[in-house]
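Take a look at the structure set out below.
The values are calculated or read from the model by the stated rules, or taken from the named source; none is laboratory data. Keep in mind that what you see is a predicted model, and the values were worked out from it rather than measured. Every residue, glycine as well, gets a Cβ built from its backbone with ideal geometry; the counts of neighbours run over all protein chains shown.
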2 protein chains.
Amino acid sequence: MPRSRPRTKFRSGCPLNASVEILGDRWSLLIIRDMMLRGFRSYTQFLESYEHIATNILAHRLKKLEGYGIISTQQDPLDGRKRIYTLTQKGMDLAPVLTEMVLWAAAHEETHNPELIRQIKKDQQKFIAGVRQKWVENSSHLG
Amino acid sequence: MPRSRPRTKFRSGCPLNASVEILGDRWSLLIIRDMMLRGFRSYTQFLESYEHIATNILAHRLKKLEGYGIISTQQDPLDGRKRIYTLTQKGMDLAPVLTEMVLWAAAHEETHNPELIRQIKKDQQKFIAGVRQKWVENSSHLG
DNA sequence: CAGATTACTTGTTAATTGCAAGTTAAAATA
DNA sequence: TATTTTAACTTGCAATTAACAAGTAATCTG
């Protein structure tokens, strides 16, 4: 059964506020990063990520993201214990937001992963197109 | 006296995580929006914005943003009660993040302000250049 | 069948947020 | 000049949310 989208109205009609209400916490964008850039698709993979999200928070965030139509869930046909989380088109459309946030932090904070930053800087549109292409390929053999 | 930048290390070296730790809450980006797009510069102006931030949260966020070098503060030379908050270059560099978040929400949620969205869509680089130009003009007669 | 794995839930504690009220200094008003 | 108003906060408290630890049910593996 699909989890329903939150019915509560946003604090204002401002589009930035909508983004902030949907994504403005300490974990949501990291889960999306793991799906988009690292190809993570399962609960345990998210748990093993660098920043160590707690299990209950992860469960809540996955429900919230599904409620907003940013990710979708299916049972793994090969392993009944597993659920496969994938980004929807709406989720993939966050790629420009993520890349801009990466570039901003790379310019102004001390961070790792210079190879990622180099790739994005070299050709941001191409980088996003590549990410999207991988998503299309990996989504095609599902549902 | 300048408020010092938080000394605590980020949870990971990932540049996206740095952005999330600095900006990932329900208010920081709205304050930056008010400064960048609406030209707000004072505590009371921020309080009067649509989403109604609480006074203590606003004070904390302003300190945090100053600590990260995203905004800076000065006394108003014309009114000793007032402090003037302005975006730094680092803060202005968030313009692409903000515009991408606006475009994403505009595409996927019901939001207001179609004129803003139209302007950004028409020419995103030009829109950002215009915002930056206004900031240069308004900052020139300070400091 | 025994043990491991996966995706959670539940309880408890710690931290953060939100609301209301109070404080201080400076400016405007009577 | 005395009083009131304004601006920028701080303080205290209740409510919400996050973090940590442990437990559970279904499924898979040996």
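Within region B:120-143, the set of residues being within 12 Å of chain A (Cβ to nearest Cβ) and either of a type outside the set (S, T, N, Q) or under 21 Å from residue B:50 (Cβ atoms) (or both) comprises B:120, B:121, B:128.
Mind listing whichever residues of region A:76-102 are within 16 Å of DNA strand D (Cβ to nearest atom), in contact with a strand residue (DSSP E or B) (Cβ under 6 Å, 6 or more places away or on another chain) and of a type outside the set (Lys, Arg)? Talk me through it step by step, then tell me what you get.
Just the residues of region A:76-102 that are within 16 Å of DNA strand D (Cβ to nearest atom), to begin with: A:76-84.
Narrowing further to those that are in contact with a strand residue (DSSP E or B) (Cβ under 6 Å, 6 or more places away or on another chain): A:76, A:83-84.
Scanning region A:76-102 gives A:76, A:84.
Each row is one residue, and each column tells you yes or no for (1) farther than 18 Å from residue B:134 by Cβ; (2) more than 17 Å from the chain's Cα centre (by Cα); (3) modelled with pLDDT under 95; (4) within 8 Å of another protein chain (Cβ to nearest Cβ).
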{"site": "B:66", "(1), (2), (3), (4)": "yes, no, no, no"}
{"site": "B:71", "(1), (2), (3), (4)": "no, no, no, no"}
{"site": "B:74", "(1), (2), (3), (4)": "yes, no, no, no"}
{"site": "B:90", "(1), (2), (3), (4)": "no, no, no, yes"}
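Of all the criteria given as (1) within 13 Å of DNA strand D (Cβ to nearest atom); (2) surrounded by fewer than 18 Cβ atoms within 10 Å (Cβ to Cβ), the one not satisfied by residue A:114 is (1).
Only one of the numbered conditions (1) within 8 Å of chain B (Cβ to nearest Cβ); (2) in contact with a helix residue (DSSP H, G or I) (Cβ under 8 Å, 6 or more places away or on another chain); (3) more than 16 Å from DNA strand C (Cβ to nearest atom) is not met by residue A:13, and that is (2).
Name the residue, out of A:51, A:100, that is closer than 30 Å to residue B:95 by Cβ, assigned to a loop (DSSP other than H, G, I, E, B), charged (D, E, K, R) and at the interface with chain B (Cβ under 8 Å from one of its Cβ atoms).
Just a single option satisfies the conditions, and that option is A:51.
Here A:54, A:107 are screened, and the one residue that is without any contact (Cβ under 8 Å) to a residue 24 or more places away in the chain, within 15 Å of DNA strand C (Cβ to nearest atom) and either surrounded by fewer than 17 Cβ atoms within 10 Å (Cβ to Cβ) or of a type in the set (A, V, I, L, M) (or both) is A:54. Exactly one residue out of B:19, B:28, B:12 is of a type in the set (S, T, N, Q), within 12 Å of the chain's Cα centre (by Cα) and either surrounded by 21 or more Cβ atoms within 10 Å (Cβ to Cβ) or under 28 Å from residue A:22 (Cβ atoms) (or both): that is B:28. In a residue-by-residue description of region B:122-141, the property of being among the β-branched types (Val, Ile, Thr) and either in a loop (DSSP other than H, G, I, E, B) or in contact with a strand residue (DSSP E or B) (Cβ under 8 Å, 6 or more places away or on another chain) (or both) applies to no position. Per this entry, residue A:95 is not counted among residues that are small (Gly, Ala, Ser), exposed (fewer than 15 other Cβ atoms within 10 Å of the Cβ) and within 14 Å of chain B (Cβ to nearest Cβ).
Comparison of A:82, A:64, A:90 shows that the only residue that is over 21 Å from residue B:107 (Cα atoms) and of a type outside the set (Gly, Ala, Ser) is A:82. When region A:48-75 is examined, which residues are found to be touching a Cys at 6+ places or on another chain (Cβ under 9 Å) and within 12 Å of DNA strand D (Cβ to nearest atom)? Correct list: A:51 only.
Report yes if residue A:110 is in a loop (DSSP other than H, G, I, E, B), out of contact with any strand residue (DSSP E or B) (no Cβ under 9 Å at 6 or more places or on another chain) and at pLDDT 95 or above, otherwise no.
Working: in a loop (DSSP other than H, G, I, E, B): yes; out of contact with any strand residue (DSSP E or B) (no Cβ under 9 Å at 6 or more places or on another chain): yes; at pLDDT 95 or above: yes.
For residue A:110, the condition - in a loop (DSSP other than H, G, I, E, B), out of contact with any strand residue (DSSP E or B) (no Cβ under 9 Å at 6 or more places or on another chain) and at pLDDT 95 or above - is met.
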